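FYI, it's all coordinate maths here, none of it is from the lab. This one's a predicted model, so the numbers in the text were calculated from it and none came from an experiment. Positions of Cβ are backbone-derived with ideal geometry, glycine not excepted, and every protein chain shown enters the neighbour counts.
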Amino acid sequence: MRALIAPLIVAPMVAGFMPAAAQNPSADQIINSLRPSGNLVMGGTRGIRLAPSGDASSQPQVAPPPAQAQPRVAASKPVPIPAAATAAPAVNLTVNFANGSAELTPAAIRTLDELGRALSSKDLAGYRFRIEGHTDTVGSLDYNRALSERRAEAVVDYVAKKYGVDPSRLQAVGMGEDGLLVPTPPQTPEPRNRRVQVINLGA
């Protein structure tokens, strides 16, 4: 049985352990993680993850590409990922939703307040972001894709309305089980796979 609260992660396209909600980065840390340090189109930057406090490597690290799981065949085609996104800056955030729902919890709102402040800052005002919803393998492919899309849209809706971020800068995409962060068999609950990836797509 899944927990009452299903955590999603606003995360980079890299493997690694996810930080706990209390260890989510501040708006300034999000800005630093999402600000390009190279040419996004040519892949001059990589996504980073913030190591949990107490870890020996407490500084942000460049992480390796994710391991690939054997995908289940979906009824609908997955949404293609732009080539630039695979090398673009990204950031990890834990965003909690009620199980099977796209309703934001109070903890999720606190996290998205930091994201909203970052995306509405002058440092990131000139960039567009792809917000991808991901799930674990529990449930059907079609259900998971629809749920992940609703959750990605909930993130976009919140930061757009509360922080005045232009919705045209935010692309919400439901990926469902495509691109598992942690490869698992079907019907396997894995909190690290229930996440949203936020990727800087450039100007």
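When a/c reaches 1.5 or more, the comparison of a/b and b/c decides; with that in mind, is the stretch 97-203 rounded, prolate or oblate per its Cα gyration tensor? Prolate, because a/c is 1.5 or more and a/b exceeds b/c.
Summing charges over neighbours of PRO167, with a neighbour being any other residue whose Cβ is under 14 Å away from its Cβ, gives +2 when K and R count +1 and D and E count -1. Scalar couplings 3J(HN,Hα) for the stretch 151-159, obtained by applying the Karplus form with A = 6.51, B = -1.76, C = 1.60 to θ = phi - 60°, are 6, 4, 5, 5, 5, 4, 4, 5, 5 Hz; x denotes Gly and Pro. Using the Cβ-Cβ distance between GLU190 and ARG150 with R0 set to 30 Å, the FRET efficiency works out to roughly 0.95.
Using the Cβ of ILE131 as centre and a radius below 14 Å, the other residues enclosed give a net charge of +1, where K and R count +1 and D and E count -1.
Spin-label model, ILE109/TYR143: points 7 Å from Cα along the beta carbon direction are separated by 2.9 nm.
Report the antiparallel proportion of the DSSP beta bridges in the stretch 85-203 as a percent, rounded to a multiple of 5. Beta bridges within the stretch 85-203, antiparallel portion: roughly 60 percent. Placing pseudo-labels 7 Å out from each Cα toward the beta carbon at ARG128 and LYS161 gives an inter-label distance of 2.4 nm. Here the simple spin-label model places points 7 Å from the Cα toward Cβ, and for ASN99 and SER121 these points are separated by 3.7 nm. Near the amide H of LEU93, within less than 5 Å, lie the amide hydrogens of VAL10, ALA11, all on another chain or at least 5 residues away, with H placed in the peptide plane.
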